[in-house]
Amino acid sequence: MRVAVIGAGAWGLPTGAELAARGHDVTVLDAFGVANAASSSSGPTRIWRLAHMERADVRLQQESVRAWASVEQRVGRPLRTTCGLLWRDRRADRLAASVEAEGVEHTWVDAADVGRFFPGLRPDGVDAVWQPEAGVVLASDSLVAHAGLLADAGGRLSTGSWVRALDPGPDGVRLTLGDARPGTAGPTTGTLDVDAAVVAAGPWAQPLLDALGVGVRVLPALGQVTHVTGRPDAEALPCLLDGYQDPADGGDSGGVYAMPTPGLGYKLGFGAALRPFDPADTDRTPSDDERARMLRYVEGLGFDAPVAGPSQVCTWTDSPDGDFVMDTVADGRVVVATGDTGHGFKFSAVAGRWLADLVEGRDVGPDVDRFRLSRFV
């Protein structure tokens, strides 16, 4: 089968590599290239964890951990580190119940005891859950590894052109290529005819979804992360998810996510968007105000004299209900994969298998079936 995968990110590249390994003729297309600054997949690190509020997500992450181990064996190098995760949240009881039900090792942490699991973290009256089987995905290394697996299996990576139109027909799918993004004026530069296509275009997916008649509006946004130093063990700290709300925001910070990042220090970001995503806005200059807000928060993590390292503006794409979208349309000839909700990278290794299964018309099981478009009807 000839398959085109649109988007060479955390879901697109593994899907292309998996399909090529299964013997399909695969082309992965990306207008900017692997790990580009405009994508949702740039940057060196992401969190992986077994801790989730929903039991189905815990099961899927257990499957993902097995998939990561398989990929690491194939490429001959680690793509993750394990440093544990402290999740401090007023819903900690719900989180603990979810991981308990799925047999995941964890420890309940009283509010006053958080510093025992995250050295220097100041108590704020909120309890937490410690989950040791968690850590960091080496995101940039992972993308390089999956690009290598794609090439090793005979797949192709094509960069520099936008997929301007996607036209399913009775015999396959025609992709129209051009120099300008979909929805804007510009000449076409060629076509590509395939048997099936996968749309994994991150924040750039909406025009293609509209053309396919997918009646779902995705919600891409820009966020900012900042790396900090200022304590000698910064890169040895555990990951952190904290329900903290900045009083200056009126309680709308969206919490904080944080992780050690080799060579850069400790990486942190607010869960609330920096600003909405605008396809015409290619400015990724970090906000000084956002960096200053993060440094105020870091003072509560035991960084006596926090030093701001590099900041990065990145994208994520929410779905209307905050969950992934993975389904087939056009009589199964097109697979749509969107709504990473900012945490899709941890499922990267296994998402490629799920999406390849959808291309081949295989059963993906009930935990993935809940990502179908039918839930929005």
> How many residues does the range 122-140 contain that are open to solvent by 10 Å² or more (accessible area, probe 1.4 Å) and either in contact with a His (Cβ under 7 Å, 6 or more places away or on another chain) or under 18 Å from residue 243 (Cα atoms) (or both)?
Replying inline: 7
> So, of the residues in the range 173-198 that are modelled with pLDDT of 95 or more and among the charged types (D, E, K, R), which turns out to be least open to solvent (accessible area, probe 1.4 Å)?
Replying inline: 195
> Looking at the range 148-166, which of the residues that are part of a strand (DSSP E or B) and in contact (Cβ under 8 Å) with a residue 40 or more places away in the chain is nearest to residue 281 (Cα to Cα)?
Replying inline: 162
>> Please count how many residues of the range 1-17 are more than 25 Å from residue 221 (Cβ to Cβ), outside any loop (DSSP other than H, G, I, E, B) and in contact with a His (Cβ under 9 Å, 6 or more places away or on another chain).
In response: 4
> Give me the pairs: first residue in the range 274-286 and closer than 8 Å to residue 313 by Cβ, second residue β-branched (Val, Ile, Thr) and open to solvent by less than 70 Å² (accessible area, probe 1.4 Å), beta-carbon distance under 6 Å, and six or more apart or on different chains, which are they?
Replying inline: 284/313; 286/313
>> Please list, ordered by residue number, the strands (runs of 3 or more DSSP E) wholly in the range 296-377 having 3 or more residues that are more than 27 Å from residue 257 (Cα to Cα).
In response: 325-329, 334-338
>> Please pick out the residue among 302, 309, 342 that is at positive phi and in contact with a Leu (Cβ under 8 Å, 6 or more places away or on another chain).
In response: 302
> Among the listed residues 203, 207, 220, which satisfies the condition of being touching a helix residue (DSSP H, G or I) at 6+ places or on another chain (Cβ under 7 Å), under 30 Å from residue 163 (Cα atoms) and not hydrophobic (A, V, I, L, M, F, W, C)?
Replying inline: 220
> Of the residues that sit in the range 199-217 and are outside any loop (DSSP other than H, G, I, E, B) and in contact (Cβ under 8 Å) with a residue 40 or more places away in the chain, which one is most open to solvent (accessible area, probe 1.4 Å)?
Replying inline: 211
>> Restricting to the range 33-85, give me the number of residues that are in a helix (DSSP H, G or I), more than 17 Å from residue 239 (Cα to Cα) and of a type outside the set (A, V, I, L, M).
In response: 12
>> Tell me yes or no: at least one residue of the range 2-18 is modelled with pLDDT of 95 or more, surrounded by fewer than 22 Cβ atoms within 10 Å (Cβ to Cβ) and either under 30 Å from residue 150 (Cβ atoms) or not acidic (Asp, Glu) (or both).
In response: yes
> For the range 18-28, what are the residues that are charged (D, E, K, R) and not in a strand (DSSP E or B)?
Replying inline: 18, 22
>> Which residue is farthest from residue 72 (Cα to Cα), if the candidates are limited to the range 342-365 and must be open to solvent by 30 Å² or more (accessible area, probe 1.4 Å) and touching a residue at least 12 places away in the same chain (Cβ under 8 Å)?
In response: 361
>> Checking residue 32 against (1) out of contact with any Ser or Thr (no Cβ under 9 Å at 6 or more places or on another chain); (2) surrounded by fewer than 20 Cβ atoms within 10 Å (Cβ to Cβ); (3) touching a residue at least 60 places away in the same chain (Cβ under 8 Å): exactly one of these is not met. Which one?
In response: (1)
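The values are calculated or read from the model by the stated rules, or taken from the named source; none is laboratory data. A quick note: this is a predicted structure, and the numbers were derived from the prediction, not measured. Reconstructed Cβ throughout: ideal geometry from the backbone, glycine too, with neighbour counts over all protein chains shown. Note: areas computed on protein heavy atoms with side chains; ligands, DNA, RNA excluded. Shrake-Rupley method; radii C 1.70, N 1.55, O 1.52, S 1.80 Å.
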